[in-house]
Amino acid sequence: MTNSAVEIQCLGDFAIQGLAVDLRGTKQVALLGFLASNLGMPCARETLVSIFWGDRFNEQARQSLRQALSALRRAFRHCPDGLEIERDIVRLNPAVVSVDIKQAETAIANGNMEKAAEIFRRGDFLEALNPKESGISDWLVLERAKWRELARQTLLDHGEALLRQTQPIAAAETAAWLLRQDPLDETAVQLAMRSKATAGSLSGAVKLYRRLCDDLQSELGVEPAAETVDCISRLQQGVGVRQQTPAIPAAGETAFEGVGSSSPKNLSSPVIGHPWRPEAENIAAASDVPTISVDRFDFAPDDATTKAMAADLRDQLIFRLTKRIGIKVLDEHAGLTDKSTYVLKGRLRTSDNQGRLNLSMILREQSRAVFSQNYTGDTSDTFKFCDDMVGQAETHLRVQTNAFDGERLSHIPDDELSVPELRTRAANLLHAGTIEGFGHAEQLMDRAVELDLTDPTSLAMRANIKIWLSMAGCRDLSVGEQDQIGADLNTALEGQHRSDYIYHVRGTFFACCKQDAEATLRDGQRALEINPNYALAYNTLGLGHLLLGQYDKAAAFLRKYVALSENDPLLPARLFPLAVALYCNGDYQDAEKTIDRAIGLKPNHRLFHRLRAMSLRAIGYDDEADAADLTADQLPNTPSMLAVCPPIHQDQSDHFSSTMR
């Protein structure tokens with residue numbers, strides 16, 4: 001590896017050279033792996049205690065840490081400068097300790113992708129480690145995800161470099177390694193296909209494509225992405241394609257985006273299908289997926305605990321954002337982000353037991369801040385603080401990135417949008433919260449489904465729009481239409497069985513169309529298991545408990561829904577069902593305060609004032625209730641997408657249906 005006194009290998013088989021003893025215990029290996037991944041950085045003792053002995057009482061946990069550090073000190077007795085143990089912090093000294101993952105980062109920074117790729121091929125981070133303790137396991141999941149993504153991007157870049165250097169066989173071997181990690185990695189499949197074709201084996205490229213089609217269909221029930229279809233199409237036409245850089249048609253030519261393929265029995269190669277997209281000069285490339293690069297978070301004061309918290313917040317956000325469909329997330333300091341769409345910056349400040357996290361999103365091309373938000377909380381439990389901050393931030397960033405993408409595509413006509421672009425525009429229209437916006441969004445999703453009959457997100461979005469237009473009183477859904485919505489949602493889940501959004505929509509369908517509380521709660525819980533900070537999952541659970549007449553539980557879930565939706569442009573629509581739940585639970589004062597807040601944001605919605613009148617009358621404020629009723633009477637009695645009465649138990653539904661009009 002290097003000439004360092006101690007050399008640690010974290011990738012693949014854990015190995016150490018230069019220590020006096022061989023560390024084998026799970027916690028000793030994990031502890032040394034933690035210090036190695038933070039080489040040179042001071043690690044707070046409290047952080048180590050929380051991760052590795054969080055299931056024990058404080059004094060017992062600290063004693064366990066002291067014993068583990070004593071064992072590490074003995075292991076470093078022939079190299080005492082390698083391990084620095086002080087009163088509050090522990091760190092490995094980079095002057096005498098080398099770590100393979102840090103060598104890979106250095107190689108990337110120096111542009112030596114070949115060396116970095118060689119290191120990453122060794123395997124996963126602490127590959128053999130399988131801890132039972134939840135704290136260690138949670139840390140290990142995040143750490144592995146971080147290094148896997150960096151390894152993947154490094155190998156992809158190295159493969160592209162090999163292709164540019166006319167080394168297609170070596171590029172194919174690199175792609176093959178990536179596909180052994182994830183056979184459904186379509187970017188790696190594209191690299192493999194182009195490598196095969198460049199090496200003179202078009203049949204090998206077609207075989208890879210067919211295998212991908214079969215695997216995607218059998219495992220996920222979906223077709224390959226448009227970029228993959230476009231790649232094989234160009235290769236069959238004899239056109240060499242570089243990853244995610246589709247050729248721009250000349251003036252007067254027609255632009256196309258692939259949506260699927262079929263393999264007729266009498267043809268040797270698959271037939272590629274394309275929807276029509278005219279006027280190529282106005283079209284955003286299908287591969288132009290918004291990219292967010294995450295910068296290192298600033299922190300103050302400059303102590304080990306605050307530094308560790310800032311690093312944890314950043315790592316968790318990267319991990320959560322990588323699970324989003326439709327965006328790409330990169331490390332701003334990995335040397336791979338010069339063309340990213342946005343840069344996410346963070347700043348953590350702590351004082352006593354309070355912490356404030358500021359996040360800002362910069363549009364790189366214009367150096368313009370498009371999002372900025374502060375989050376505050378109690379830091380006495382650092383892990384809870386970090387989890388809470390990340391949960392709130394993830395929800396806000398989900399909303400904001402949807403809005404940003406809508407602005408990015410605003411100049412393109414509806415009939416020139418691809419399926420992902422149609423979804424983005426529809427999401428922006430839904431955030432407007434108007435009947436007209438929902439109607440336009442429904443048309444966009446009809447077109448998206450026409451272009452791709454089995455696209456899971458399009459099917460779910462269209463179903464969601466139809467459900468809420470019906471709930472708002474804009475139309476009735478026949479039994480046949482409800483059955484079709486249910487079938488579409490089942491198809492969507494077969495295509496994306498780990499989608500929190502699709503489970504939320506199906507749960508809403510069960511609540512609003514079928515009045516099936518148990519099914520609603522089941523799907524809401526599944527969405528929450530996939531993403532514990534998914535705001536809409538709490539809404540689904542709230543609807544389920546409203547149907548059961550469990551209004552206290554409904555209010556608790558809907559409070560969480562509102563708390564995670566503070567930056568949502570549809571916040572008034574989130575407040576309305578919470579106020580309904582509070583009223584049904586007899587919490588009339590809280591119901592009045594909640595609906596009054598919605599009125600402050602959107603004062604011209606009749607049912608907001610009607611619910612406020614009901615709450616005031618229940619409190620005993622008859623004069624104020626009469627005034628609120630008068631205001632409601634003066635407003636148009638028309639459907640509103642912000643004031644949609646949720647489904648509730650029979651004991652209250654008759655009262656609401658007669659009063660809320």
DSSP beta bridge pairing in the chain, given as percent antiparallel to the nearest 5: 70 percent
Ignoring ligands, DNA and RNA, what accessible area per residue does the chain give at 1.4 Å, in Å²? 45 Å²
Restricting to DSSP H runs of at least four residues, report the calculated mean residue ellipticity at 222 nm for the chain, -39500 (n - 2.57) per run over all residues, nearest 500 deg cm²/dmol. -18500 deg cm²/dmol
Probe radius 1.4 Å, ligands and nucleic acids ignored: give me the carbon and sulfur share of the accessible area of the chain as a rounded percent. 46 percent
Dividing the mean separation of Cα pairs under 8 Å (6+ apart) by the residue count of the range 558-661 yields a relative contact order in percent of 26 percent
Burial-style ranking of 516-524, 226-234, average other-beta-carbon count within 10 Å with highest first, yields 226-234, 516-524
Would you please give the residues with an amide H less than 5 Å from that of ILE89, counting only those at least 5 places away or on a separate chain, with H modeled from the backbone geometry? ARG45
By accessible area (1.4 Å), largest first, HIS497, HIS504 order as HIS497, HIS504
Taking a ≥ b ≥ c as the square roots of the eigenvalues of the Cα gyration tensor, with a/c under 1.5 meaning rounded and otherwise prolate when a/b exceeds b/c and oblate if not, the range 456-610 is prolate
For ASP516, enumerate residues with amide H under 5 Å from its amide H, sequence gap 5+ or separate chain, H modeled in the peptide plane. ALA511
Burial ranking of peptide ranges 566-578, 483-495 (average Cβ count within 10 Å, highest at the top): 566-578, 483-495
Beyond a 19 Å Cα-Cα separation, which of these cross-linked pairs lie in this structure: LYS115/LYS345; LYS27/LYS132; LYS307/LYS384; LYS146/LYS560? LYS115/LYS345; LYS146/LYS560
Give, rounded to the nearest 20 debye, the magnitude of the charge dipole that the chain has about its Cα centre when Lys and Arg contribute +1 at Cβ and Asp and Glu contribute -1 at Cβ. 1460 debye
Amide hydrogen neighbours beyond the local backbone of LYS328, cut-off 5 Å, H modeled: THR291, ILE292
Please give every one of the aspartates and glutamates within straight-line cross-link reach of LYS514, meaning a C-alpha to C-alpha distance under 14 Å, and leave out same-chain neighbours fewer than 8 residues apart. ASP476, GLU481, ASP483, ASP523
From the backbone phi of the range 366-374, what are the Karplus-calculated ³J(HN,Hα) couplings (6.51 cos²θ - 1.76 cosθ + 1.60, θ = phi - 60°) in whole Hz, Gly and Pro given as x? 10, 6, 10, 6, 10, 7, 8, 8, 9
Going from most exposed to least, what order do ILE108, ILE85 have by accessible area with a 1.4 Å probe? ILE85, ILE108
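The values are calculated or read from the model by the stated rules, or taken from the named source; none is laboratory data. In this text the structure is predicted, and so the values were computed from the model without any measurement. Every residue, glycine as well, gets a Cβ built from its backbone with ideal geometry; the counts of neighbours run over all protein chains shown. All accessible areas refer to the heavy atoms of the entire protein, side chains included, with ligands and DNA or RNA removed. Shrake-Rupley method; radii C 1.70, N 1.55, O 1.52, S 1.80 Å.
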